[in-house]
């Protein structure tokens with residue numbers, strides 16, 4: 001039986017129209033998610049960049065955990081923190097700093113177990129929450145971003161189906177053609193060649209965002225609405241302490257870590273948590289990263305004397321569990337080392353260009369049909385460059401003045417959009433905001449160097465500052481390209497240039 005699919009002109013037209021409507025409906029939110037997600041690939045590096053001078057040491061003696069536990073519990077009692085658990089970030093490749101947390105208190109730990117300064121990653125947390133919840137309350141924002149992921153998946157599929165000559169035109173890029181053809185080729189080539197990556201990001205993003213909804217649905221159908229039973233399908237039961245449990249000695253960290261050396265020597269430890277520290281019935285959990293696996297890790301449960309209670313089995317469970325537990329690292333590119341992060345960053349930039357060029361094509365078509373959306377086009381351009389500008393500006397103002405990054409971002413983005421609705425031209429908004437973004441990116445580096453000096457040029461801080469400068473350089477190159485095109489070509493309506501208006 002031979003199967004062939006030859007789309008009719010009507011089918012192609014329907015797919016194209018549906019593709020445009022979907023893109024316009026979520027263009028701004030989708031663009032914000034893409035830009036913030038591209039930067040969030042370096043989430044761990046940004047955390048270290050915010051406090052560049054903190055001690056980094058991968059080798060920590062077991063005795064340090066004991067001393068740090070005593071110091072942290074004592075301080076937590078003074079500050080009246082919740083003492084139900086104490087957790088440690090074990091120094092690892094992504095975060096080579098020892099951190100202890102009790103309740104809402106988090107402190108860095110010195111090599112002798114004494115407590116250092118507070119952990120403050122507020123700007124990085126803003127960036128992460130912007131990506132996966134748009135800074136909304138998590139219960140609503142994550143679901144909204146999940147729905148955006150579904151729409152993005154539909155956009156990718158409809159975009160591919162709307163191009164019956166997709167293979168034939170795969171290598172076509174008409175730089176010397178009209179401005180509309182340049183935009184179309186930019187959009188189509190990015191969409192075709194990076195479509196596997198885009199689909200993977202869109203599908204995993206939708207899966208992560210809507211998993212909470214799925215959990216409620218599964219609970220309603222199979223467990224009479226009991227969501228805890230759904231959670232127990234993935235995670236072991238958390239220990240429960242009896243009231244007024246007597247005090248006992250803290251766990252034997254040396255014995256626990258020695259057991260880990262014996263049963264999982266190849267796995268990188270990332271987290272250690274003690275439930276009900278210093279109380280009878282306390283349980284210790286050690287989280288690890290399993291080499292050559294996409295699952296976000298493995299978890300081991302120990303008695304205080306170092307004997308193993310159980311292994312959670314995340315890396316060995318059934319296929320459905322492993323698929324679920326692999327979506328996070330696949331979505332954020334946190335696997336196979338730093339080169340994958342760089343690849344994700346570059347592909348993320350391509351995804352941002354894909355979104356922008358898609359909307360630009362729609363504006364060019366309206367202009368060519370004699371029905372330009374001038375006001376809307378100005379607002380869109382203010383958002384295209386206002387979003388990266390607002391993100392960079394929030395970094396500068398947070399480092400320099402500790403201003404709330406989320407408030408800075410949304411107020412600046414909204415103000416620029418409102419202003420663009422009433423004044424200026426597309427070309428002026430495009431150029432002025434690109435220059436402003438360059439200044440803000442360089443400003444983030446300058447402020448960082450002023451605060452941290454030579455620590456700005458080593459380890460993670462060097463990576464982040466190079467990222468800021470590369471973004472500034474890329475935008476500067478686009479400015480030069482736009483001006484060169486304008487000086488060497490016939491006058492055209494502002495906004496048609498693929499880089500001048502995107």
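Odds and ends about this structure:
- Number of the exception - residue 474 against (1) surrounded by 15 or more Cβ atoms within 10 Å (Cβ to Cβ); (2) modelled with pLDDT of 95 or more; (3) closer than 30 Å to residue 367 by Cβ; (4) out of contact with any helix residue (DSSP H, G or I) (no Cβ under 7 Å at 6 or more places or on another chain): (1)
- Among the residues of the stretch 47-60, those that are part of a loop (DSSP other than H, G, I, E, B) and in contact (Cβ under 8 Å) with a residue 40 or more places away in the chain comprise 51, 52, 53, 54, 55, 56, 57, 60.
- Among the conditions (1) part of a helix (DSSP H, G or I); (2) closer than 22 Å to residue 36 by Cβ, the only one that residue 454 does not satisfy is (2).
- Lone unmet requirement of (1) assigned by TED's automatic domain parsing to the domain that holds residue 361; (2) modelled with pLDDT of 95 or more; (3) surrounded by fewer than 22 Cβ atoms within 10 Å (Cβ to Cβ) for residue 101: (1)
- Of all residues assigned to the stretch 397-412, none qualifies as being under 30 Å from residue 193 (Cβ atoms) and crowded, with 19+ Cβ neighbours inside 10 Å.
- Within the stretch 94-105, being under 15 Å from residue 274 (Cα atoms) and in contact with a strand residue (DSSP E or B) (Cβ under 6 Å, 6 or more places away or on another chain) holds for 99, 100, 101, 102.
- Filtered residues of the stretch 428-449 (kept if touching a helix residue (DSSP H, G or I) at 6+ places or on another chain (Cβ under 6 Å) and either surrounded by fewer than 17 Cβ atoms within 10 Å (Cβ to Cβ) or in contact (Cβ under 8 Å) with a residue 60 or more places away in the chain (or both)): 430, 448, 449
- All of 457, 452 fail the test of being free of Cβ contacts under 8 Å to residues at least 12 places away in the same chain and in contact with a helix residue (DSSP H, G or I) (Cβ under 8 Å, 6 or more places away or on another chain), apart from 457.
- Flag if residue 157 is closer than 30 Å to residue 365 by Cα, at pLDDT 70 or above and either surrounded by fewer than 17 Cβ atoms within 10 Å (Cβ to Cβ) or not assigned by TED's automatic domain parsing to the domain that holds residue 45 (or both): yes
- Taken residue by residue, the stretch 75-88 has at least one member that is assigned to a loop (DSSP other than H, G, I, E, B) and out of contact with any strand residue (DSSP E or B) (no Cβ under 9 Å at 6 or more places or on another chain).
- Residues in the stretch 67-92 that are in contact with a helix residue (DSSP H, G or I) (Cβ under 9 Å, 6 or more places away or on another chain) and surrounded by fewer than 17 Cβ atoms within 10 Å (Cβ to Cβ) were compared, and the one that is farthest from residue 276 (Cα to Cα) is 82.
- Among (1) closer than 20 Å to residue 325 by Cα; (2) in a loop (DSSP other than H, G, I, E, B); (3) at pLDDT 85 or above - the single one residue 136 does not satisfy: (1)
- Out of 309, 256, sole residue that is surrounded by fewer than 21 Cβ atoms within 10 Å (Cβ to Cβ) and either in contact (Cβ under 8 Å) with a residue 24 or more places away in the chain or more than 27 Å from residue 34 (Cα to Cα) (or both): 309
- Residues in the stretch 124-147 that are over 13 Å from the mean Cα position of the chain (by Cα) and either within 17 Å of residue 207 (Cα to Cα) or crowded, with 22+ Cβ neighbours inside 10 Å (or both): 138, 139, 140, 141, 143, 144, 146, 147.
The values are calculated or read from the model by the stated rules, or taken from the named source; none is laboratory data. As the structure is a computational prediction, the values presented were derived from the model and not from experiment. A quick note on method: Cβ atoms are made from the backbone with ideal geometry, for glycine too, and the neighbour counts reach across all protein chains shown.
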